[in-house]
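Everything below concerns the one structure shown next.
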Amino acid sequence: MTPISRSGGGRRTLATLVCGALAAGALAAAGVTALQPGAASASSHREAPLISGTPQYDNTDVYAFVSPDKPDTTTIVANWIPFEEPAGGPNFYTFADDAQYDLHIDNNGDAQGELIYRYTFRTHRKNGDTFLYNTGPVTSLDDPDLNITQTYDIDLLRLHDQKLVSRTKVADDVPVAPSNVGKASMPDYAKLRGQAVHKLAGGSTTFAGQADDPFFLDLRVFDLLYGGNLTEVGRDTLKGYNVNSIALQVPNDMIRESAGQPVVGIWSTTQRKDARGGYRQVSRLGMPLVNEVVNPQKDKDKFNASAPWNDAQFLKNVTNPELPKLIEGIYKIKAPAEPRNDLVDVFLKGVKGLNQPPHVRPAEELRLNTSVKPAMHPKRLGVLDGDNAGFPNGRRLTDDVIDASLQVVEGELVGSKNDLGDAVDKNDKKFEKYFPYVAEPTSGSRGALAKGTTDGTDVRSQLGDALQPAGADGGGTDTVLVAGSAAAGAAGILLIGTGLRWWRRRYDRAY
(Lines give C-alpha, C1' and ligand atoms only; values in the text may rest on other atoms or scores of the structure.)
Protein backbone atom coordinates (compact mmCIF):
# COMPACT_ATOMS: atom_id res chain seq x y z
CA MET A 1 0.00 0.00 0.00
CA THR A 2 1.41 3.34 -0.95
CA PRO A 3 -0.01 6.72 -0.19
CA ILE A 4 -2.46 7.82 -2.83
CA SER A 5 -3.13 11.50 -3.09
CA ARG A 6 -6.78 12.26 -3.31
CA SER A 7 -9.43 14.49 -2.00
CA GLY A 8 -12.08 12.80 0.08
CA GLY A 9 -14.67 15.18 -1.20
CA GLY A 10 -14.80 13.99 -4.76
CA ARG A 11 -16.34 10.62 -4.25
CA ARG A 12 -18.65 8.94 -6.63
CA THR A 13 -22.10 8.94 -5.31
CA LEU A 14 -23.97 5.90 -6.23
CA ALA A 15 -23.13 2.45 -5.56
CA THR A 16 -20.37 3.79 -3.62
CA LEU A 17 -22.11 4.27 -0.43
CA VAL A 18 -23.59 0.94 -0.15
CA CYS A 19 -20.33 -0.63 0.03
CA GLY A 20 -19.10 1.79 2.53
CA ALA A 21 -19.89 0.21 5.75
CA LEU A 22 -19.75 -3.27 4.52
CA ALA A 23 -16.59 -2.86 2.66
CA ALA A 24 -14.87 -1.52 5.64
CA GLY A 25 -15.91 -4.51 7.56
CA ALA A 26 -14.88 -6.82 4.85
CA LEU A 27 -11.61 -5.16 4.73
CA ALA A 28 -10.90 -5.64 8.25
CA ALA A 29 -12.19 -9.09 8.18
CA ALA A 30 -10.05 -9.96 5.33
CA GLY A 31 -7.12 -8.85 7.25
CA VAL A 32 -8.13 -10.93 10.13
CA THR A 33 -8.51 -14.20 8.46
CA ALA A 34 -5.34 -14.03 6.59
CA LEU A 35 -3.26 -14.29 9.61
CA GLN A 36 -1.64 -17.26 11.03
CA PRO A 37 -1.84 -16.50 14.66
CA GLY A 38 -5.15 -15.50 15.44
CA ALA A 39 -7.22 -12.99 16.88
CA ALA A 40 -9.34 -10.44 15.33
CA SER A 41 -10.00 -6.90 16.12
CA ALA A 42 -12.34 -4.43 14.63
CA SER A 43 -15.09 -2.02 15.19
CA SER A 44 -17.73 -4.34 16.51
CA HIS A 45 -21.04 -3.21 17.92
CA ARG A 46 -23.11 -6.34 18.72
CA GLU A 47 -21.21 -8.16 15.99
CA ALA A 48 -21.54 -11.76 17.19
CA PRO A 49 -24.49 -13.82 18.48
CA LEU A 50 -23.21 -14.44 22.02
CA ILE A 51 -21.64 -11.08 22.78
CA SER A 52 -24.66 -9.13 21.49
CA GLY A 53 -26.59 -10.29 24.57
CA THR A 54 -23.95 -9.12 27.08
CA PRO A 55 -23.05 -5.50 26.31
CA GLN A 56 -20.88 -4.93 29.40
CA TYR A 57 -18.30 -7.28 27.87
CA ASP A 58 -18.68 -6.15 24.26
CA ASN A 59 -15.67 -4.31 22.75
CA THR A 60 -16.89 -1.77 20.23
CA ASP A 61 -13.66 -0.14 18.95
CA VAL A 62 -9.94 0.23 19.56
CA TYR A 63 -7.82 3.27 18.68
CA ALA A 64 -4.05 3.70 18.95
CA PHE A 65 -2.14 6.81 17.89
CA VAL A 66 0.89 8.90 18.73
CA SER A 67 -0.45 11.54 21.11
CA PRO A 68 -0.82 14.80 19.14
CA ASP A 69 0.22 17.02 22.06
CA LYS A 70 2.82 14.58 23.48
CA PRO A 71 4.52 12.84 20.54
CA ASP A 72 6.83 10.90 22.86
CA THR A 73 3.79 8.98 24.07
CA THR A 74 1.17 6.67 22.56
CA THR A 75 -2.52 6.80 23.45
CA ILE A 76 -4.73 3.70 23.38
CA VAL A 77 -8.51 4.05 23.59
CA ALA A 78 -10.77 1.00 23.88
CA ASN A 79 -14.54 1.15 24.20
CA TRP A 80 -17.26 -1.13 25.55
CA ILE A 81 -21.08 -1.22 25.85
CA PRO A 82 -22.54 -0.21 22.47
CA PHE A 83 -25.60 1.99 21.99
CA GLU A 84 -25.80 3.52 25.46
CA GLU A 85 -28.96 5.61 25.52
CA PRO A 86 -27.93 8.69 27.59
CA ALA A 87 -31.21 8.80 29.54
CA GLY A 88 -31.25 5.04 30.14
CA GLY A 89 -31.85 5.13 33.91
CA PRO A 90 -32.44 4.49 36.68
CA ASN A 91 -29.58 1.99 36.37
CA PHE A 92 -27.00 3.63 34.19
CA TYR A 93 -23.85 2.18 32.64
CA THR A 94 -21.07 0.47 34.58
CA PHE A 95 -18.13 -1.75 33.73
CA ALA A 96 -18.65 -5.36 34.83
CA ASP A 97 -17.19 -6.36 38.21
CA ASP A 98 -16.61 -9.93 37.01
CA ALA A 99 -14.53 -9.02 33.95
CA GLN A 100 -10.92 -8.34 33.02
CA TYR A 101 -10.58 -5.59 30.40
CA ASP A 102 -7.20 -6.06 28.71
CA LEU A 103 -5.08 -3.90 26.40
CA HIS A 104 -2.52 -6.11 24.59
CA ILE A 105 0.74 -4.89 23.07
CA ASP A 106 2.87 -6.97 20.67
CA ASN A 107 6.22 -5.20 20.33
CA ASN A 108 8.10 -7.63 18.05
CA GLY A 109 5.57 -8.68 15.40
CA ASP A 110 5.24 -12.29 16.58
CA ALA A 111 1.45 -12.01 17.10
CA GLN A 112 1.84 -12.57 20.84
CA GLY A 113 1.38 -9.93 23.48
CA GLU A 114 4.50 -8.98 25.39
CA LEU A 115 2.59 -6.50 27.56
CA ILE A 116 -0.95 -6.55 28.94
CA TYR A 117 -2.52 -3.62 30.82
CA ARG A 118 -5.37 -5.25 32.78
CA TYR A 119 -8.24 -3.13 34.12
CA THR A 120 -10.56 -4.60 36.79
CA PHE A 121 -13.50 -2.70 38.30
CA ARG A 122 -15.47 -2.63 41.56
CA THR A 123 -18.92 -1.12 42.03
CA HIS A 124 -19.85 0.70 45.25
CA ARG A 125 -23.31 1.67 46.55
CA LYS A 126 -23.82 4.23 49.33
CA ASN A 127 -27.56 3.87 49.87
CA GLY A 128 -29.60 0.79 49.08
CA ASP A 129 -32.88 2.34 50.20
CA THR A 130 -33.34 4.48 47.10
CA PHE A 131 -33.89 3.71 43.44
CA LEU A 132 -31.67 6.63 42.45
CA TYR A 133 -28.23 6.52 40.76
CA ASN A 134 -27.57 9.88 42.43
CA THR A 135 -29.59 11.42 45.27
CA GLY A 136 -28.82 15.07 44.41
CA PRO A 137 -26.68 17.22 42.11
CA VAL A 138 -23.19 15.72 41.81
CA THR A 139 -20.29 18.19 41.92
CA SER A 140 -17.33 15.84 42.43
CA LEU A 141 -16.46 12.18 42.15
CA ASP A 142 -16.50 11.85 45.96
CA ASP A 143 -19.81 13.70 46.29
CA PRO A 144 -22.04 11.87 48.84
CA ASP A 145 -24.96 12.34 46.41
CA LEU A 146 -23.31 10.08 43.85
CA ASN A 147 -24.91 6.85 45.05
CA ILE A 148 -23.39 4.40 42.56
CA THR A 149 -19.64 4.71 41.95
CA GLN A 150 -16.89 2.56 40.49
CA THR A 151 -13.15 2.32 41.05
CA TYR A 152 -10.55 0.27 39.21
CA ASP A 153 -7.10 -1.27 39.48
CA ILE A 154 -4.51 -1.67 36.72
CA ASP A 155 -2.04 -4.54 36.58
CA LEU A 156 0.83 -4.63 34.09
CA LEU A 157 1.60 -8.17 32.96
CA ARG A 158 4.84 -8.92 31.12
CA LEU A 159 4.93 -12.09 29.05
CA HIS A 160 7.34 -14.12 26.96
CA ASP A 161 6.01 -16.76 24.56
CA GLN A 162 2.60 -16.44 26.25
CA LYS A 163 4.02 -17.22 29.68
CA LEU A 164 3.79 -14.74 32.54
CA VAL A 165 7.15 -13.21 33.47
CA SER A 166 5.99 -10.58 35.96
CA ARG A 167 2.92 -8.78 37.28
CA THR A 168 3.03 -5.23 38.65
CA LYS A 169 0.20 -3.21 40.23
CA VAL A 170 0.39 0.21 38.58
CA ALA A 171 -2.87 1.73 39.90
CA ASP A 172 -5.24 1.06 42.78
CA ASP A 173 -8.77 2.36 43.46
CA VAL A 174 -8.85 4.97 40.69
CA PRO A 175 -12.32 6.58 40.38
CA VAL A 176 -14.42 6.14 37.22
CA ALA A 177 -16.23 9.06 35.56
CA PRO A 178 -19.98 8.40 36.00
CA SER A 179 -22.69 8.27 33.38
CA ASN A 180 -23.82 11.73 32.33
CA VAL A 181 -27.34 11.47 33.76
CA GLY A 182 -28.35 15.03 32.85
CA LYS A 183 -27.72 18.64 33.78
CA ALA A 184 -29.94 18.50 36.88
CA SER A 185 -27.78 15.67 38.23
CA MET A 186 -24.38 16.56 36.72
CA PRO A 187 -24.41 20.39 36.35
CA ASP A 188 -20.66 20.50 35.52
CA TYR A 189 -19.80 17.20 33.84
CA ALA A 190 -16.47 18.53 32.50
CA LYS A 191 -15.28 18.87 36.08
CA LEU A 192 -16.16 15.23 36.79
CA ARG A 193 -14.35 14.15 33.60
CA GLY A 194 -11.24 16.07 34.68
CA GLN A 195 -11.20 14.41 38.10
CA ALA A 196 -11.21 10.98 36.45
CA VAL A 197 -7.91 11.63 34.62
CA HIS A 198 -5.23 10.00 36.76
CA LYS A 199 -1.44 10.22 36.56
CA LEU A 200 0.55 7.00 36.93
CA ALA A 201 4.16 6.42 37.83
CA GLY A 202 6.62 6.53 34.94
CA GLY A 203 4.84 9.23 32.94
CA SER A 204 1.66 7.33 32.05
CA THR A 205 -1.92 8.59 32.38
CA THR A 206 -5.21 6.72 32.62
CA PHE A 207 -8.93 7.42 32.31
CA ALA A 208 -12.04 5.27 32.56
CA GLY A 209 -15.63 6.40 32.23
CA GLN A 210 -18.44 7.28 29.89
CA ALA A 211 -17.73 9.06 26.58
CA ASP A 212 -19.42 9.86 23.31
CA ASP A 213 -19.12 6.92 20.90
CA PRO A 214 -16.35 8.19 18.58
CA PHE A 215 -17.14 5.77 15.76
CA PHE A 216 -19.08 7.32 12.89
CA LEU A 217 -20.85 5.46 10.09
CA ASP A 218 -24.21 4.66 8.55
CA LEU A 219 -25.32 1.29 9.90
CA ARG A 220 -28.24 1.05 7.52
CA VAL A 221 -25.94 -0.84 5.19
CA PHE A 222 -27.03 -3.94 7.08
CA ASP A 223 -30.45 -3.44 5.54
CA LEU A 224 -29.22 -5.39 2.50
CA LEU A 225 -26.94 -2.53 1.48
CA TYR A 226 -29.89 -0.13 1.22
CA GLY A 227 -31.54 -2.49 -1.24
CA GLY A 228 -30.20 -0.55 -4.20
CA ASN A 229 -31.95 2.65 -3.07
CA LEU A 230 -29.44 5.19 -1.76
CA THR A 231 -31.86 7.95 -0.86
CA GLU A 232 -31.31 7.40 2.88
CA VAL A 233 -27.51 7.17 3.04
CA GLY A 234 -25.27 9.45 5.03
CA ARG A 235 -26.75 9.26 8.53
CA ASP A 236 -24.37 8.82 11.47
CA THR A 237 -26.29 6.04 13.15
CA LEU A 238 -24.21 6.29 16.34
CA LYS A 239 -24.92 9.99 16.80
CA GLY A 240 -26.15 10.63 20.34
CA TYR A 241 -25.09 7.28 21.77
CA ASN A 242 -22.39 6.81 24.40
CA VAL A 243 -19.90 4.07 25.29
CA ASN A 244 -17.73 3.26 28.29
CA SER A 245 -14.11 4.12 27.49
CA ILE A 246 -10.73 3.10 28.83
CA ALA A 247 -7.89 5.41 27.74
CA LEU A 248 -4.22 4.88 28.50
CA GLN A 249 -1.32 7.13 27.54
CA VAL A 250 2.14 5.61 27.90
CA PRO A 251 5.66 6.72 26.92
CA ASN A 252 6.69 5.17 23.59
CA ASP A 253 9.83 3.77 25.18
CA MET A 254 7.72 1.70 27.58
CA ILE A 255 5.84 -0.23 24.90
CA ARG A 256 8.10 -0.55 21.84
CA GLU A 257 10.89 -3.07 21.49
CA SER A 258 13.54 -0.41 20.74
CA ALA A 259 14.07 2.86 18.90
CA GLY A 260 15.15 0.76 15.93
CA GLN A 261 11.97 -1.35 16.01
CA PRO A 262 9.24 1.14 16.93
CA VAL A 263 6.22 -0.75 15.50
CA VAL A 264 3.72 -2.17 17.99
CA GLY A 265 0.61 -4.28 17.47
CA ILE A 266 -2.38 -3.48 19.68
CA TRP A 267 -5.72 -5.15 20.43
CA SER A 268 -8.14 -5.44 23.34
CA THR A 269 -10.05 -8.33 24.88
CA THR A 270 -12.62 -9.00 27.58
CA GLN A 271 -12.41 -12.00 29.89
CA ARG A 272 -15.51 -12.92 31.89
CA LYS A 273 -15.49 -14.96 35.10
CA ASP A 274 -17.20 -18.31 34.69
CA ALA A 275 -19.06 -20.47 37.22
CA ARG A 276 -15.84 -22.11 38.38
CA GLY A 277 -14.10 -18.83 39.10
CA GLY A 278 -11.84 -18.86 36.05
CA TYR A 279 -11.85 -16.30 33.25
CA ARG A 280 -12.84 -16.96 29.66
CA GLN A 281 -12.27 -14.58 26.72
CA VAL A 282 -15.59 -13.46 25.22
CA SER A 283 -14.64 -10.46 23.08
CA ARG A 284 -11.66 -9.37 20.98
CA LEU A 285 -10.97 -6.29 18.87
CA GLY A 286 -8.09 -4.73 16.94
CA MET A 287 -8.76 -3.62 13.35
CA PRO A 288 -12.20 -2.18 12.76
CA LEU A 289 -15.17 -4.18 11.39
CA VAL A 290 -13.48 -7.55 11.06
CA ASN A 291 -15.93 -9.58 13.04
CA GLU A 292 -18.88 -7.54 11.84
CA VAL A 293 -18.61 -7.99 8.09
CA VAL A 294 -15.68 -10.23 7.31
CA ASN A 295 -16.36 -13.26 9.43
CA PRO A 296 -19.48 -15.33 8.66
CA GLN A 297 -22.00 -16.24 11.34
CA LYS A 298 -20.37 -19.59 12.06
CA ASP A 299 -17.02 -17.98 12.94
CA LYS A 300 -18.08 -14.91 14.92
CA ASP A 301 -18.21 -16.38 18.42
CA LYS A 302 -15.11 -18.45 17.71
CA PHE A 303 -13.24 -15.33 16.65
CA ASN A 304 -14.16 -13.50 19.85
CA ALA A 305 -12.67 -16.35 21.87
CA SER A 306 -9.52 -16.66 19.76
CA ALA A 307 -6.04 -15.11 19.89
CA PRO A 308 -3.97 -13.43 17.13
CA TRP A 309 -1.44 -16.22 16.90
CA ASN A 310 -4.26 -18.54 15.74
CA ASP A 311 -5.73 -16.26 13.08
CA ALA A 312 -4.78 -18.60 10.27
CA GLN A 313 -8.05 -20.44 10.91
CA PHE A 314 -9.93 -17.40 9.58
CA LEU A 315 -7.70 -16.76 6.58
CA LYS A 316 -10.21 -17.76 3.92
CA ASN A 317 -12.68 -15.17 5.21
CA VAL A 318 -10.11 -12.53 4.31
CA THR A 319 -8.76 -13.84 1.02
CA ASN A 320 -12.28 -14.62 -0.24
CA PRO A 321 -14.43 -11.90 1.34
CA GLU A 322 -18.21 -11.94 1.01
CA LEU A 323 -18.77 -8.20 0.90
CA PRO A 324 -17.41 -7.37 -2.59
CA LYS A 325 -19.59 -10.12 -4.07
CA LEU A 326 -22.64 -8.75 -2.30
CA ILE A 327 -21.91 -5.29 -3.64
CA GLU A 328 -21.46 -6.68 -7.14
CA GLY A 329 -24.80 -8.47 -6.90
CA ILE A 330 -26.70 -5.33 -5.92
CA TYR A 331 -24.75 -2.50 -7.55
CA LYS A 332 -22.95 -4.26 -10.41
CA ILE A 333 -19.52 -3.09 -9.22
CA LYS A 334 -17.23 -5.90 -10.24
CA ALA A 335 -15.56 -7.63 -7.31
CA PRO A 336 -11.73 -7.85 -7.47
CA ALA A 337 -10.23 -11.22 -8.34
CA GLU A 338 -9.46 -13.66 -5.53
CA PRO A 339 -7.48 -14.58 -3.53
CA ARG A 340 -7.20 -11.11 -2.00
CA ASN A 341 -3.56 -11.14 -0.98
CA ASP A 342 -3.57 -7.35 -1.12
CA LEU A 343 -5.85 -7.33 1.94
CA VAL A 344 -3.56 -9.69 3.78
CA ASP A 345 -0.55 -7.48 3.10
CA VAL A 346 -2.21 -4.28 4.24
CA PHE A 347 -4.32 -5.38 7.16
CA LEU A 348 -2.52 -8.38 8.61
CA LYS A 349 1.12 -7.47 8.15
CA GLY A 350 1.21 -3.67 8.06
CA VAL A 351 2.33 -1.40 5.24
CA LYS A 352 5.86 -2.26 4.20
CA GLY A 353 8.25 0.56 4.99
CA LEU A 354 5.75 2.20 7.32
CA ASN A 355 4.26 -0.03 10.02
CA GLN A 356 5.28 -3.57 9.11
CA PRO A 357 7.64 -5.01 11.74
CA PRO A 358 10.55 -7.22 10.59
CA HIS A 359 9.78 -10.95 10.61
CA VAL A 360 6.10 -10.12 11.01
CA ARG A 361 3.66 -12.93 11.62
CA PRO A 362 0.36 -12.02 9.93
CA ALA A 363 -2.27 -11.32 12.56
CA GLU A 364 -5.28 -9.16 13.16
CA GLU A 365 -3.78 -6.32 15.18
CA LEU A 366 -3.85 -2.55 14.95
CA ARG A 367 -0.24 -1.83 13.96
CA LEU A 368 1.32 1.52 14.86
CA ASN A 369 4.75 2.94 14.08
CA THR A 370 5.39 5.02 17.20
CA SER A 371 8.20 6.98 15.51
CA VAL A 372 5.87 8.68 13.00
CA LYS A 373 5.11 12.19 14.23
CA PRO A 374 1.48 13.33 14.44
CA ALA A 375 0.15 15.16 11.38
CA MET A 376 -0.38 18.89 11.71
CA HIS A 377 -3.53 18.57 9.60
CA PRO A 378 -4.83 14.98 9.80
CA LYS A 379 -6.61 13.62 6.72
CA ARG A 380 -9.60 11.38 7.30
CA LEU A 381 -8.42 8.75 4.78
CA GLY A 382 -5.00 8.47 6.44
CA VAL A 383 -2.29 6.65 4.49
CA LEU A 384 -4.58 6.33 1.47
CA ASP A 385 -4.45 10.12 1.17
CA GLY A 386 -0.75 10.53 1.95
CA ASP A 387 -1.10 11.04 5.72
CA ASN A 388 1.18 8.37 7.17
CA ALA A 389 0.20 9.21 10.76
CA GLY A 390 -3.30 7.83 10.18
CA PHE A 391 -5.11 4.55 9.51
CA PRO A 392 -3.98 1.85 8.89
CA ASN A 393 -0.87 3.09 10.71
CA GLY A 394 -2.75 2.84 13.98
CA ARG A 395 -6.13 4.50 14.15
CA ARG A 396 -6.97 8.05 15.22
CA LEU A 397 -10.37 9.13 16.46
CA THR A 398 -10.90 11.20 13.32
CA ASP A 399 -9.90 8.51 10.81
CA ASP A 400 -12.70 7.50 8.44
CA VAL A 401 -11.98 3.79 8.55
CA ILE A 402 -15.19 2.94 6.72
CA ASP A 403 -14.32 4.86 3.55
CA ALA A 404 -10.62 3.92 3.62
CA SER A 405 -11.36 0.23 4.14
CA LEU A 406 -14.15 0.17 1.58
CA GLN A 407 -11.95 1.63 -1.10
CA VAL A 408 -9.24 -0.93 -0.47
CA VAL A 409 -11.70 -3.82 -0.31
CA GLU A 410 -13.13 -2.72 -3.64
CA GLY A 411 -9.70 -2.96 -5.23
CA GLU A 412 -8.02 0.41 -4.78
CA LEU A 413 -4.61 -1.28 -4.53
CA VAL A 414 -5.14 -3.81 -7.33
CA GLY A 415 -6.10 -1.51 -10.16
CA SER A 416 -9.71 -0.64 -9.32
CA LYS A 417 -9.40 3.01 -8.35
CA ASN A 418 -12.48 4.27 -6.57
CA ASP A 419 -13.77 6.86 -4.16
CA LEU A 420 -16.40 4.80 -2.39
CA GLY A 421 -17.73 5.80 1.00
CA ASP A 422 -20.77 5.91 3.25
CA ALA A 423 -21.19 9.72 3.14
CA VAL A 424 -20.48 10.04 6.89
CA ASP A 425 -17.08 11.71 7.04
CA LYS A 426 -16.73 12.80 10.66
CA ASN A 427 -18.08 12.35 14.16
CA ASP A 428 -21.07 14.43 15.26
CA LYS A 429 -19.13 15.80 18.27
CA LYS A 430 -15.66 17.36 18.30
CA PHE A 431 -12.92 15.45 20.06
CA GLU A 432 -10.93 16.92 22.93
CA LYS A 433 -7.47 18.35 22.22
CA TYR A 434 -5.97 16.71 25.27
CA PHE A 435 -6.03 13.32 26.97
CA PRO A 436 -8.32 11.37 26.99
CA TYR A 437 -9.27 13.05 23.64
CA VAL A 438 -12.69 11.35 23.40
CA ALA A 439 -15.64 13.74 23.45
CA GLU A 440 -17.73 14.09 26.59
CA PRO A 441 -20.76 11.79 26.68
CA THR A 442 -24.08 13.02 25.43
CA SER A 443 -26.17 14.13 28.41
CA GLY A 444 -29.39 12.44 29.44
CA SER A 445 -31.03 15.87 29.32
CA ARG A 446 -30.53 16.27 25.59
CA GLY A 447 -34.17 16.55 24.60
CA ALA A 448 -35.84 19.44 22.84
CA LEU A 449 -36.20 22.54 24.98
CA ALA A 450 -39.57 23.26 26.52
CA LYS A 451 -41.25 26.39 25.27
CA GLY A 452 -40.04 29.37 27.23
CA THR A 453 -36.60 27.95 28.05
CA THR A 454 -33.22 28.58 26.53
CA ASP A 455 -30.20 26.40 26.12
CA GLY A 456 -28.07 26.41 29.23
CA THR A 457 -30.97 27.07 31.58
CA ASP A 458 -30.45 25.70 35.08
CA VAL A 459 -33.45 23.41 35.22
CA ARG A 460 -33.37 23.27 39.01
CA SER A 461 -33.83 26.98 39.48
CA GLN A 462 -36.12 27.50 36.51
CA LEU A 463 -38.55 24.70 37.11
CA GLY A 464 -41.13 26.96 38.68
CA ASP A 465 -41.13 29.78 36.19
CA ALA A 466 -39.50 28.77 32.95
CA LEU A 467 -42.03 26.39 31.49
CA GLN A 468 -44.90 27.70 29.51
CA PRO A 469 -47.65 25.85 27.68
CA ALA A 470 -47.13 25.93 23.93
CA GLY A 471 -49.26 28.63 22.31
CA ALA A 472 -49.77 30.66 25.46
CA ASP A 473 -49.07 34.34 25.07
CA GLY A 474 -47.78 34.64 28.51
CA GLY A 475 -48.25 38.31 29.08
CA GLY A 476 -44.74 38.34 30.29
CA THR A 477 -41.89 36.03 30.14
CA ASP A 478 -42.74 34.00 33.18
CA THR A 479 -46.42 33.17 33.19
CA VAL A 480 -45.85 29.64 33.39
CA LEU A 481 -46.36 26.08 33.42
CA VAL A 482 -46.69 26.04 37.08
CA ALA A 483 -50.11 27.56 36.61
CA GLY A 484 -50.88 25.19 33.79
CA SER A 485 -49.73 22.24 35.81
CA ALA A 486 -51.78 23.30 38.82
CA ALA A 487 -54.90 23.66 36.68
CA ALA A 488 -54.31 20.30 35.11
CA GLY A 489 -53.82 18.77 38.53
CA ALA A 490 -57.04 20.28 39.85
CA ALA A 491 -58.95 18.98 36.83
CA GLY A 492 -57.46 15.58 37.35
CA ILE A 493 -58.50 15.51 41.01
CA LEU A 494 -62.02 16.54 40.05
CA LEU A 495 -62.27 13.76 37.46
CA ILE A 496 -60.95 11.18 39.90
CA GLY A 497 -63.39 12.29 42.55
CA THR A 498 -66.30 12.10 40.11
CA GLY A 499 -65.22 8.62 39.07
CA LEU A 500 -65.04 7.40 42.65
CA ARG A 501 -68.49 8.67 43.47
CA TRP A 502 -69.90 6.92 40.40
CA TRP A 503 -68.15 3.69 41.36
CA ARG A 504 -69.48 3.76 44.92
CA ARG A 505 -73.04 4.42 43.78
CA ARG A 506 -72.85 1.55 41.29
CA TYR A 507 -71.48 -1.05 43.65
CA ASP A 508 -72.79 0.38 46.93
CA ARG A 509 -69.47 -0.23 48.47
CA ALA A 510 -67.54 2.01 50.87
CA TYR A 511 -63.84 2.73 50.69
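General remarks:
- Looking across the stretch 92-136, the residues that are outside any loop (DSSP other than H, G, I, E, B) and touching a residue at least 60 places away in the same chain (Cβ under 8 Å) come down to ALA99, GLN100, TYR101, ASP102, LEU103, HIS104, ILE105, ASP106, LEU115, TYR117, TYR119, PHE121.
- Inside the stretch 376-395, residues that are in a loop (DSSP other than H, G, I, E, B) and on the phi > 0 side of the Ramachandran plot make up a count of 2.
- Failed criterion for LYS70 (all others in (1) at pLDDT below 95; (2) open to solvent by 30 Å² or more (accessible area, probe 1.4 Å) hold): (1)
- Taken over the stretch 399-436, the residue count meeting the criterion of being within 20 Å of ALA78 (Cβ to Cβ) and either basic (Lys, Arg) or touching a Ser or Thr at 6+ places or on another chain (Cβ under 6 Å) (or both) is 2.
- If you go through the stretch 69-83 and keep only what is of a type outside the set (Ser, Thr, Tyr) and more than 20 Å from the chain's Cα centre (by Cα), you end up with ASP69, LYS70, PRO71, ASP72.
- Candidates in the stretch 154-180 are the residues that are within 18 Å of ASN107 (Cα to Cα) and outside any strand (DSSP E or B); of these, the one that is modelled with the lowest pLDDT is GLN162.
- Selection from the stretch 315-340 of residues that are of a type outside the set (A, V, I, L, M, F, W, C) and in contact (Cβ under 8 Å) with a residue 60 or more places away in the chain: LYS316, ASN317, THR319, PRO321, GLU322, PRO324, TYR331, LYS332, LYS334, PRO336, ARG340
- Scanning the stretch 296-313 for residues that are in a helix (DSSP H, G or I) and surrounded by fewer than 20 Cβ atoms within 10 Å (Cβ to Cβ) yields a count of 6.
- Here GLY53 clears all of (1) more than 12 Å from the chain's Cα centre (by Cα); (2) open to solvent by 10 Å² or more (accessible area, probe 1.4 Å); (3) touching a residue at least 12 places away in the same chain (Cβ under 8 Å) except the condition numbered (3).
- When the test is whether a residue is under 27 Å from THR398 (Cβ atoms), touching a residue at least 60 places away in the same chain (Cβ under 8 Å) and either open to solvent by 30 Å² or more (accessible area, probe 1.4 Å) or outside any loop (DSSP other than H, G, I, E, B) (or both), PRO82 passes it.
- Restricting LYS373, LYS352 to residues that are farther than 26 Å from LYS316 by Cα and either touching a helix residue (DSSP H, G or I) at 6+ places or on another chain (Cβ under 8 Å) or part of a loop (DSSP other than H, G, I, E, B) (or both) narrows the list to LYS373.
- Restricting the stretch 422-448 to residues that are touching a strand residue (DSSP E or B) at 6+ places or on another chain (Cβ under 6 Å) and among the aliphatic types (A, V, I, L, M) leaves a set whose member that is surrounded by the most Cβ atoms within 10 Å (Cβ to Cβ) is VAL438.
- Qualifying positions in the stretch 134-150 - β-branched (Val, Ile, Thr) and open to solvent by less than 20 Å² (accessible area, probe 1.4 Å): VAL138
- The stretch 402-421, subset among the hydrophobic types (A, V, I, L, M, F, W, C) and farther than 17 Å from ASP342 by Cα, residue surrounded by the most Cβ atoms within 10 Å (Cβ to Cβ): ILE402
- Where strands (runs of 3 or more DSSP E) fall wholly inside the stretch 191-295, the ranges with 1 or more residues that are aliphatic (A, V, I, L, M), open to solvent by 30 Å² or more (accessible area, probe 1.4 Å) and more than 18 Å from LEU397 (Cα to Cα) are 279-285.
- When the stretch 358-375 is limited to residues that are in contact with a Pro (Cβ under 9 Å, 6 or more places away or on another chain) and farther than 22 Å from ASN291 by Cβ, the one that is surrounded by the fewest Cβ atoms within 10 Å (Cβ to Cβ) turns out to be LYS373.
Yes or no, residue by residue, for (1) among the charged types (D, E, K, R); (2) within 21 Å of GLY421 (Cα to Cα); (3) at pLDDT 90 or above:
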residue	(1), (2), (3)
PHE347	no, yes, no
LYS352	yes, no, yes
MET376	no, no, yes
GLY382	no, yes, yes
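- The condition (being farther than 29 Å from ALA307 by Cα, out of contact with any Pro (no Cβ under 7 Å at 6 or more places or on another chain), small (Gly, Ala, Ser) and touching a residue at least 60 places away in the same chain (Cβ under 8 Å)) is satisfied by just one residue among GLY421, GLY394, GLY386: GLY421.
- Test: residue in the stretch 137-153 that is within 24 Å of the chain's Cα centre (by Cα), without any contact (Cβ under 8 Å) to a residue 40 or more places away in the chain, assigned to a strand (DSSP E or B) and over 19 Å from THR94 (Cα atoms): no
The values are calculated or read from the model by the stated rules, or taken from the named source; none is laboratory data. Please read these numbers as outputs of a predicted model, since none were measured by experiment. Glycine also receives a Cβ, built like all others from the backbone with ideal geometry; neighbour counts cover every protein chain displayed. Just the protein is used for accessible areas: all its heavy atoms, side chains included, with ligands, DNA and RNA removed. Shrake-Rupley method; radii C 1.70, N 1.55, O 1.52, S 1.80 Å.
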